[in-house]
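Asker: Have a look at the structure that comes next, please.
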Amino acid sequence: MTFPLTRPRRLRRTETIRRMVRETTLAPADFVYPMFVTGGRGVREPIASMPGQFRLSTDAAVALAREAHGLGVPAVILFGIPAHKDATGSAAADPDEAVQRTARALKDALPDLCVVTDVCLCEYTDHGHCGLVEKGEVLNDPSLDLLAAAAVSHARAGADVVAPSDMMDGRVGHIRRALDAEGFSGVAILAYSAKYASAFYGPFREAAGSTPQFGDRRAYQMDPANAREALREVALDVAEGADMVMVKPALPYLDVLARVRDAVDVPVAAYNVSGEYAMLEAAAANGWLDRNRAILETLTSIRRAGADVVLTYHALDAARLLGG
Ligand code: PBG
């Protein structure tokens, strides 16, 4: 049967019908809100390349998380901006650093908010790489204990989920064993499994002061040209005990996201990263696109490609637009 008997427009005639046949849903429950946390009190320092986002002290982070929670956003992910950096990123596992203090304060103030923490060394190392560096090379195996120590310190502070983003080989299994050995078998791992060496992390690195001081991350983050390799990375992480896997960034990798969704049964997350946020905000600020519609269309596309969970700086805006 074809035209004129078949007319797809019949199902687009009214909003009620469109709603009835809609394939993809978008709700505040799908979002994780990323927050940059730092020391001090009453700090709410704007991030220039991410208008509307802030570096937050613990008290300000709790206030904003309360707002997110009130809008129906179930989770936040914390990134730390430490007081000092050194060659081994020792502040990453410091129980008095911003991530650990904020995780404790959040679990105290909002016990049913899901607290996710980003586990990486790049915010804490003076060279800005995600692992230990020797003779200009980022070492894999010697970095694992440091990452595991950071993850355990987050769990001890109350994190529900730890999210390793360093892309070292074997880190999911290493972290899983360390968590279990310390009595945190209930803490889940959200693995940044397919994390690409992307230009779209630029604003984040400004926000977190984590730009590598030499070279780049191409010897550990994935080559943007590769999709099959993402399936391999995801399979390895699931085998090592990842409870959820992630594709990052989101928009330039929707094809990878769809393939990962088909390949695994664990929940799949996608990270709508800082550069994606900055692009949309910059165009909207110039009046070049309709901000609210662009936000919802973007997030819907990420869900349609297969993400169960979307990490997005637009979480609160989108939740408001969705009537949360
Ligand atoms: C830390 C980390 C980065 C992001 C999340 N975790 C930066 C990087 O790998 O350089 C990027 C998030 C964003 O751009 O919003 N390794």
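Each reported figure results from applying straightforward, stated rules to the coordinates on display, with no laboratory input. Since the model is a prediction, treat every value here as computed from it, not as a measurement. Every residue, glycine as well, gets a Cβ built from its backbone with ideal geometry; the counts of neighbours run over all protein chains shown.
Asker: What is the count of Lys pairs in the chain whose alpha carbons sit under 25 Å apart, if the two are 8 or more places apart or on different chains?
Answerer: 4
Asker: Ok, one more. Does segment 23-321 classify as rounded, prolate or oblate by the C-alpha gyration tensor (a ≥ b ≥ c root eigenvalues; a/c under 1.5 gives rounded; else a/b over b/c gives prolate, otherwise oblate)?
Answerer: Rounded shape, in that the Cα axes give a/c under 1.5.
Asker: If amide hydrogens are placed 1.01 Å from N in the peptide plane, which non-local residues have theirs closer than 5 Å to the one on Ala191?
Answerer: Correct list: Asp243, Met244, Val245, Met246.
Asker: Separate question: Give the residue list of chymotrypsin sites (Phe, Trp or Tyr not before Pro) in segment 265-324 that are DSSP loop and have at most 12 other beta-carbon atoms within 10 angstrom.
Answerer: Answer by residue number: Trp288.
Asker: Indicate, rounded to the nearest 5 percent, the antiparallel portion of the DSSP beta bridges found entirely in segment 23-321.
Answerer: Taking every DSSP beta bridge with both residues in segment 23-321, the antiparallel ones total about 15 percent.
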